[in-house]
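Student: Let me begin by handing over the structure; questions about it come next.
None of the figures in this text is laboratory data; all of them are computed from the coordinates on show. These numbers were taken from a predicted model, which means no experiment stands behind them. Heads up, the Cβs are rebuilt from the backbone with ideal geometry, glycines too, and the neighbour counts pull from every protein chain shown.
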Amino acid sequence: MKNQEQAYDHIVIGSGSSGSVLTRRLIDAGKKVLLVEAGPVDSKPEIHDPMGSVSLWNSEVDWAFRTEPQRFANNQQLPFPRGKTLGGSSAFNGMIYVRGAKQDFDTWAYLGNYGWDYNTIAKNFKRFEHFIIKDEQLEGDHHGMNGELPITLNPAPTEVTEAFIAAAKSYGIPYNPNYNNGNNIFGVYHTWLTIKDNKRMSSWVAFLQPVKNHPNLTLLVGAQVNRILFSGNKAIGISYTLDNGKKDNEAYATGDIIISAGSINTPKLLLLSGIGDRKHLEDVGIETLVDLPGVGQNLQDHINVPHVWETHQPVPMSKAQGLEATLFWKTKPDMTVPDMQPFIITFPFPGENSPENGFTIVSTLTHPQSRGYIKLRSADPNEAPIIDPRFLEDSDDLDSLVLQTEFLRNLVKEPAMSKHILTETMPGKAVNNRDEIKDFIRKHLVSDHHQVGTAKMGIDKMAVVDPRLKVYGVENLRVADGSIMPLINTGNTNAACIMIGDRASDFILNPEI
């Protein structure tokens, strides 16, 4: 092997939610790891300010992707901000900590992904959790107390947040303080947050910043990986450029190379490396190494629709990006897993009818049926990929969001909420029947920025990685990030992505499991 004497034990591509915890586990186990991050260091103050994330969109720490025009959503081209800095998208996400429903992971296992059932992966959650919420209702062995990732509650929720919770309870939705216990996710609750001392705890800050000078860790920032290098079908290294330069550089590993670049850049890198659908690769002029038609397919994302009410009085600004409470509920009584996750934001969503004083409740589709894809535009690694989530292609998704709008309108009629409300400004009083609500949704839907599934784990012909996260058809190459999810989890995806990185370390360090 070229530069064998300089080879690392492992190369991890991406320092985001999955890549940072995976790197930490590997270096703690004595492995020499090269961690490669395309973006700069996380020096911008807004990254660490819980209220600063939106200001980072379209900055140098954002990949700033955009979708193709959405045929079923008024041909909108929607922004897909993705973190391009140490910590990846955990450097500017909503900081809400949700494991997901037990049924999510049990379904992964049912689909052939042995070792991914909830009872098995619960230990991975517990291993990295540093649970600092003081509440006797949360005592027990469900949560980790000694991990690296701090998890807490907003110490001073606003009045409108408390009104939202009270309204949900009077509407018949139980308060569930321990929605992450693996037993029951239904209910309304104060959000759990990855914040400590009023600072965002990104995956990088939690897992690697404290050990950034570890002798087993080599960090390479501003390095865009353009291709995996192979000897035959064995991954041996990476080709990368520094700071948008044109000179190709190489690095090598004797063990596994792990792609943790996220659900957009991971399939892009696989395709650039000749792993993907043969016809697509031929169309863009890339020689096929492995014909894997599932690469870039199965794109899933949670869908949001903002609803805004004007209030009689100003709503105090939250200290937690406004995301202080949410609920998991169902649009149909026979559902065993929530299909909705409305959350309250303590300021009015910006728009043409945005009031000076008000709040937003965002409806969220937790289990969309529509499926999209990621493809290359060309063989140029600097060109953004084609991203088409195909939002609302499945009519069931639109029907569920309509029911959520009706649900929210009834919810705010409860006295605890209605006393604060002057009027509804979005959708507004002119939107009444279901056809009008559908038009409103098509016009105003946004992504929840939870893209997953584009290098899915499984045993079927569209799977990209096996249940041990090894890429089919090659050796020494794994994927560990949200792209491996066969089905999107219930709720925010950051915690599940961290779990995936932690679980990947189990497979790498203990090949027999």
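Student: Give me the Kirkwood hydrodynamic radius of segment 355-513, using the inverse of the mean 1/r over all pairs of distinct Cα atoms, in Å to one decimal.
Tutor: Numbers: mean 1/r = 0.0527 Å⁻¹.
When all Cα pairs of segment 355-513 are included, the Kirkwood radius is 19.0 Å.
Student: Got a sec? Charge dipole of the chain, +1 on Cβ for Lys and Arg, -1 for Asp and Glu; which of His142, Asn233, Ser354 is way out at the positive end?
Tutor: Asn233
Student: Turning to a different aspect of this structure: Of the peptides 357-367, 431-441, 145-155, how do they stack up when ordered by the mean number of other Cβ atoms within 10 Å, highest first?
Tutor: 357-367, 145-155, 431-441
Student: For a quick check: sort Trp57, Trp108 by the number of other beta carbons within 10 angstrom, fewest at the front.
Tutor: Placing the least packed residue first, the sequence is Trp57, Trp108.
Student: Let me ask something else about it. Provide the descending list of Cα extents for segment 111-265 along its principal axes, expressed in whole angstroms.
Tutor: 62, 39, 30
Student: Can you sort Glu250, Glu310, Glu282, Glu352 so the residue with the fewest Cβ neighbours within 10 Å comes first?
Tutor: By the 10 Å Cβ count, ascending, the order reads Glu352, Glu282, Glu250, Glu310.
Student: Then there is this: Normalised by the residues of the chain, what does the relative contact order come to in percent, with Cα pairs under 8 Å and at least six apart?
Tutor: Taking the mean separation of contacting Cα pairs over the length of the chain, I get 22 percent.
Student: Shifting gears a bit: Which of the peptides 11-18, 176-183 is most tightly packed, and how do the rest follow, going by the mean number of other Cβ atoms within 10 Å of each residue?
Tutor: In descending order of packing, they fall as 11-18, 176-183.
Student: So what J values fall out for segment 171-182 if you push phi through Karplus, 6.51 cos²θ - 1.76 cosθ + 1.60 with θ = phi - 60°, rounded to Hz, Gly and Pro as x?
Tutor: 7, x, 9, x, 6, 10, x, 10, 6, 9, 8, x
Student: Ok, one more. Output wanted: per-residue J couplings in Hz (rounded whole) for segment 258-267, from phi through Karplus 6.51 cos²θ - 1.76 cosθ + 1.60, θ = phi - 60°, x for Gly and Pro.
Tutor: My calculation for segment 258-267 gives 10, 8, 10, 8, x, 6, 9, 7, 5, x Hz in order.
Student: Turning to a different aspect of this structure: Straight-line reach only, C-alpha to C-alpha below 17 angstrom: list the lysines that Lys196 could link to, leaving out same-chain residues fewer than 8 apart.
Tutor: Reachable lysines: Lys134, Lys319.
Student: In terms of modelled amide H atoms, which long-range or inter-chain residues lie less than 5 Å from the amide H of Glu475?
Tutor: Long-range HN contacts for Glu475: Lys234, Ala235.
Student: Also, I was wondering about something else. Relative contact order of segment 250-340: what whole-number percent is it, with Cα pairs under 8 angstrom and at least 6 residues apart?
Tutor: Details: 60 pairs, mean separation 14.3, N = 91.
Answer for segment 250-340 is 16 percent.
Student: I would also like to ask the following. What ranking do Arg66, Arg442 get, fewest neighbouring Cβ atoms within 10 angstrom at the top?
Tutor: Ascending Cβ contact count within 10 Å gives the list Arg66, Arg442.
Student: On to the next question. Once phi is turned into ³J(HN,Hα) by the Karplus curve 6.51 cos²θ - 1.76 cosθ + 1.60 with θ = phi - 60°, what whole-Hz value does each residue of segment 435-440 show in order, with x for glycine and proline?
Tutor: Whole-Hz 3J(HN,Hα) from phi for segment 435-440: 5, 5, 5, 4, 4, 4.
Student: Taking every DSSP beta bridge that has both residues in the chain, what percent is antiparallel when rounded to the nearest 5?
Tutor: Given both bridge residues lie in the chain, the antiparallel proportion sits at roughly 70 percent.
Student: Enumerate the amide H contacts of Asn226 below 5 Å, restricted to partners 5 or more residues apart or on another chain; note that Pro and chain-start residues carry no placed amide H.
Tutor: Distant-sequence amide H within range of Asn226: Ser239, Tyr240, Thr241.
Student: Using the structure shown, list the pairs from Lys44/Lys212; Lys246/Lys375; Lys32/Lys234; Lys169/Lys438; Lys330/Lys470 with a Cα-Cα distance above 25 Å, or answer none.
Tutor: Working: Lys44/Lys212 18 Å; Lys246/Lys375 23 Å; Lys32/Lys234 19 Å; Lys169/Lys438 28 Å; Lys330/Lys470 36 Å.
The pairs that break the limit, which is 25 Å between Cα atoms, are Lys169/Lys438; Lys330/Lys470.
Student: For Gly112, which sequence-distant residues (separation of 5 or more, or a different chain) have an amide H within less than 5 Å of its own amide H, given hydrogens modelled in the peptide plane?
Tutor: Excluding prolines and chain starts, which carry no amide H, there are no hits.
Student: Also: If you work out semi-axes √(5λ) of the Cα gyration tensor in Å from the coordinates, which of [x] 34, 33, 25; [y] 59, 32, 28; [z] 38, 25, 21 do you get?
Tutor: Looking at semi-axes √(5λ) of the Cα gyration tensor in Å for this model, the match is [z].
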